[in-house]
Structure formats: C-alpha cells, structure tokens
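First up is the structure itself, then whatever we jot down about it.
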C-alpha cells in the first residue's frame, strides 16, 4: 500500500525517462509518494530507491534535507504561517498567536480531528502582500484574524475543495512529453554536439 | 490604478517601459492563445532565422545582468563554457526564496510562455541540449501554469524535435523542488537536480559553466533573466540598452514590502530609478505608512547589508550600491519605519539563515545558530554587554575582516564597500551575519537599551541545604 501503486509506478517510470540519470527523479518521485500517501513512508523510500537505482539510505538522505517531505501523517491541510521579515513587520506574530488559539494547537501540532497541521514557515515569495500564509502551499494574502477564521471555516465546510487538494498533491496539472515530439534526453555519456550547432558539421 | 487580483502585488501605474510584465494586465496572460495574440514566439522565430553565434552576440551586446542576485551578464556567462564540450545543459533557477523577493513566481504564474521562449532562445544560442526548469516546491500554481504551458508548447511544435521545422531540437523538463532555501545557490541547485541533498559545491573547481550537471558544462540562469530574451530577440540589443544606463540596461522587477503605503511589485527602469523614487513616488509606494519616518531599509534581499535615509538618493545601479556598502541582489526591498524594533527585525532574518544552513561548513552551521541564540537572548532582555561584542566575534569567524556597511551621517562613519570575505562555501553563512552587523553598526543604542544591568550575585559554596 505505501509503496507506489501500479498507476504511480508507471508514472514514476515515465518521469525517470526524462532525465539522463535516473537519480535526478528522486525528488519528483518522493512528491509522488507523498501525494499517494499524504506523507513519505519507509516503504516508499525503499521503492523510490529501487526505481532510481540508489540505496534507501541515499534517498532518505535526500528526503530529509527538504522541508516539504513529512515522515509522519499530517493534517489534511498544512497551514504554514510565514514569519520572515516583511510578514513579521506586518503582524505575523499576532497571526500565529491567533491561529494557535483558533485551532487549539501550538505551531507544529495537528488538530485532534486530523484536519489541520499548523507550522511556522519561512519566506513564501509574496512579501508585498504580507502577512501571508499557505494552505497546502496555496497562497493566502494579507491575512487578518477575521480572514483566518473565515478560511478555516471554508476549509472545514469543504468550500475550497476544488482549489486546495489534500496535503501531498503538489500540482493538479502535470507535464506530459509526447513520445512523437520528444527530442530525447542528452546523456553525458554521449558527447555529441547538438545538430544545429556548427560543431556538429565537423 | 490597476492592481490585478490575478497578479496580486503587481502594480503598473505610470508610463514606464514594460519588457517582462507586458502580459500581466491580461487575466489569461498564461495561455498560448493570449501569448500568440501578443507577439508570442516571434522572438524564437527571429532567433531561428539567425545563427546561434549571432543570437549569442545579440544577448551579449544587450548586457542582460543576471536577476538572481549576483548580477553577472547572461551572454558573458554563456561564453564561459569550454568550447567543443557537449552535451551542455540549461538549468532554470525558479527556486525564488530570498527573503523579500517576489517576482519570479509572478513571471511563472502570469507569463510562462515568455519564460519558455527565453529558455528556447538560450538553448539555441548557446548549444544547450536539454533544459531543466527547476521550480520551488512551495509554488504549486507556478507548477500548474508552467506545466500547462509546456504541454501547449509541445503540441504547437515550439519544444521537442525539429522545432518549427529546423534542426533545433530540445526538451524542457519541469522539475520540482521540495523546500530548501540554499538550493537557490546555483551549485546546490545542480546537486538537488542530481537527486541529492542541496549542498553547494566548492568553486573552484565546480563553476557550473565548466563542471555542472552530471559534470558537464551547464548554464544556470534566473527566471527573470531568461524572460528578457524574447523581447531582445524581437527588438534587438540596441533597443534594450536604450533603456536604463550603460552599466545597468533594461528594466528590473523589484518588490517593495514592509512599512510603505503601497507595497508592490514594480517593473522599473534599471540604473536610474532611486530608492527615494520608489518609496515616495506617486507611481510607486506613495510614502511611508501613516506618514511615519523611514528608519532603515534592506535594498537587495535579506542577505544584503542595510541602508538608512542617508542612501535614499542612490539609484538602482549595482556598482554604486556596492560601493555604498550593500548589494541589489534579487530586487527585494524591505522597508522599516521608525516604530520598528531593530534588534528583533535583525533576529528575524538571522533566524532564517541559521535555519536554512545546509550544515556543510562549520562557521555557518554553528556560527549562524550562535548568532541567533545570542541575539534572541538580547531581544528577550536576558542579554549582557559582552553579548554584543560576542555577536561581532562570531561574525568575524564567518566573514574575516571589514564587513560591508553603509555610511551614516548621524554616526559620522564612512561606508565599507561590498563584497565581504568568507570562510564558507556559499553566502548563507555571511547572510546570517549581515543583518546583525548592519543593525549593530547603525543602531547599537537599541541593543544596549535592551541590556539590563544585573547585580553581581556572589556564588556561595556549601552544603545543598545552604541554598534554602
């Protein structure tokens, strides 16, 4: 179950095929496993390692470097409140305090119903719209205590289901490279000049 | 006034040239249909009518300064690859995460085809066999917009084998990050793209142009840098250099945030627009909030040493800002008014860099954390006078010698110009120190005010009972 399922294994192989070296697909595949299971399981680590030709320890080493990978279940919605400079200057501390009070958990905690995990986060590239937060990495700008409460209400009632998928689903649109149009990978082991360059003629 | 809800933060008031934001006013600027209707892919067609060397020359003549932070000209960077060594790769740096920076995400969400066209022009000109477009993990909308645009462009024959019926063939692969600030550093980005922990490589020898992805020559270019190329391919280098100044041509996207009346993302004329224009101009931020006094500002992202009102009349020009003791970095300006608690603001930034240290280099891994802890103690009112000197001592171990800082008329001090020396592989360590050094140099009295003199309490030695 927590290895990649059949459909995702096929997708994983397609993704691996885009890179000159399979190991480059490690992070996309970890995202895929997190999309399937909500977090990264040990079995998924082992499966990704098999697929990219690395050891589980190497994949674990990569996975633990990146903040987005979770190794235990988190809430359906991960609420990340930005606390970096511009947000901090415009009330991030108050927003976090209010969020902790509203959700009844401290930063880092998950609500008892498994709906929300609250986290401190760093700069979300929306500094002119401070204070910001992200729900499963979808931006919410210029937050106030009122708009925070409204957001939580909407999420609980399922009113944002179309916009914000459950934790783990990164993008709802995927790239597909049609086989009949693909130029193909450029392997470092084949030192050929590209066809359009003058070096290719010699 | 037009502030579009679908491009939150972007403001295009005033009569300024728009090179990279021209489609932000359309709510469907990210579709191929709109892109075609507004001159899209004409730059690629123009490039394909010329030789790669001619296109490369055009970009070099335009002097497109890198918009990611270092400001190195793109055309010159392409020329650093060893001749005859193939394959070569293009890695697009879409890992925007420097505190205060907000532009690349807008460019990816609002005009992904412009970025794709820029990638194609770069690949054609510099002979790059495959493109990897690395987008920060915490930007799902950018992933969706760029992903959909790539799918459209493949279907239309702009990407893939024999593009537009020519010999030019290249794939663009959308790649996902997963949350690590340091990966914005180009060699860390390459490590991450190889499926590893995002730890920067030592330069030399690992300059990406020589030894990059899979050990091959690799160009790492920022999203905004590449987004300039379609315009240049259509209009030419001369039209580009006619905007801005000789050393800083074209336009730049800047994000002004913090205590201003109208924070926003603006495309400004490079090299001539001053910080005063930006903060007080009607077409820009329209003054400091509530009519307050400006106290300090960070001119180029969280890593940059701070400026005060003394530097307001400096233009947005890299060399001048460097001589004045800071850097323009990634076009991120954060403004603090007179109500700002300066030690706390410095702590916020130092915390960021301490948390984002990859842990390779001891001065950064340990030093960053020490800076944060000592500073936290001072901010919490538990600090002592030696703490302030200790902060500078820790900084000295990360950046030996004189650290860059701005001049101050109030304090009667001269500027120490950029750059700094460092004992670490990359700039994350020095970045943890920059806010501490700036704040302590320019506002030491605010730190001293937080230090409460305590009475010396003599230590008594005796049986445990004596303490009761």
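Only the coordinates and a few stated rules stand behind these numbers; no lab work does. Values in this document were obtained by computation on a predicted structure and should not be read as measured data. In this analysis, Cβ positions are derived from the backbone assuming ideal geometry, glycine residues included, and neighbour counts consider all displayed protein chains.
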Whether segment B:278-348 is rounded, prolate or oblate, judged on the alpha carbon gyration tensor where a/c under 1.5 counts as rounded: oblate
Relative counts (whole %) of C-alpha pair distances in segment B:81-206, using bins that are 5 Å wide: 2, 11, 20, 21, 20, 15, 8, 3, 0
Over segment B:214-337 - Rg/Rh using Cα atoms and the Kirkwood inverse-distance radius: 1.02
Residue B:156-residue B:261 FRET efficiency (beta carbon distance; Förster radius 41 Å; 0.05 resolution): 0.40
Average partner coverage of A:92-100, which counts Cβ from other chains inside 10 Å: 0
Protection proxy ranking, peptides B:63-73, B:128-138, average beta carbon neighbours within 10 Å, highest first: B:128-138, B:63-73
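Per-residue mean of other chain beta-carbon atoms within 10 angstrom of the beta-carbon, peptide B:127-139? Mind dumping the intermediate values first?
Values: counts 7, 3, 13, 9, 2, 4, 1, 1, 2, 4, 9, 14, 8.
Counting other chains' Cβ atoms within 10 Å and averaging over B:127-139 gives 6.
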At q = 0.07 Å⁻¹, base-10 log of I(q)/I(0) for the protein assembly as shown (Debye sum, equal scatterers on each alpha carbon): -0.45
Rounded, prolate or oblate (a/c below 1.5 giving rounded, otherwise prolate when a/b exceeds b/c) for chain A by Cα gyration tensor: prolate
D (Stokes-Einstein, µm²/s), Kirkwood Cα radius, segment A:32-75, 0.692 mPa s at 37 °C: 315
Highest to lowest packing among B:267-278, B:114-125, scored as the average C-beta count within 10 Å: B:114-125, B:267-278
Whole-Å distance, taken between Cα centres, linking segment B:42-110 and segment B:334-367: 31
Along principal axes, Cα extents of segment B:1-134, largest first, whole Å: 51, 35, 27
Nearest-ten-degree value, helix A:6-16 long axis tilted from longest Cα axis of chain A: 60
Of all DSSP beta bridges in chain B, antiparallel share, percent nearest 5: 45
Peptides ranked, highest mean first, by Cβ atoms within 10 Å: ranges A:163-169, A:39-45: A:39-45, A:163-169
Estimated translational D of chain B in µm²/s (Stokes, Kirkwood radius over Cα pairs; 10 °C; 1.306 mPa s): 68
Residue order, fewest to most beta carbons within 10 Å, for B:411, B:320: B:411, B:320
In degrees, nearest ten, helix A:92-103 long axis to first principal axis of chain A (Cα): 80
Spin-label model distance (nm) - residue A:72 vs residue B:396, 7 Å beyond Cα toward Cβ: 4.4
Estimated FRET transfer efficiency when R0 is 41 angstrom, pair residue B:61-residue A:180 (beta carbons, to 0.05): 0.60
Segment B:341-451: C-alpha gyration tensor shape, a/c 1.5 cut-off, then a/b vs b/c: oblate
Calculated FRET value between residue A:142 and residue A:201, using beta carbons and R₀ = 60 Å, to 0.05: 0.55
Convex hull volume per residue for segment B:346-407, taking Cα atoms only, in Å³: 97
For q = 0.17, 0.23 Å⁻¹, Debye-computed log10 I/I(0) when each Cα of segment A:77-157 counts as one equal scatterer: -0.56, -1.06
Descending Cα extents along the principal axes, segment B:19-241, whole Å: 45, 37, 34
Chain A: angle of helix A:42-52 to the longest principal axis, Cα-based, in degrees nearest 10: 30
Rotationally averaged projected area of segment A:6-63 (alpha carbon convex hull; nm²): 3.4
q = 0.17 Å⁻¹: log10 I(q)/I(0) that the Debye formula gives for segment B:8-55, counting C-alpha atoms only: -0.66
Per-residue mean of C-beta atoms belonging to partner chains within 10 Å, peptide A:130-140: 3
Alpha carbon centroid spacing (whole Å) that separates segment B:389-457 from segment A:28-101: 34
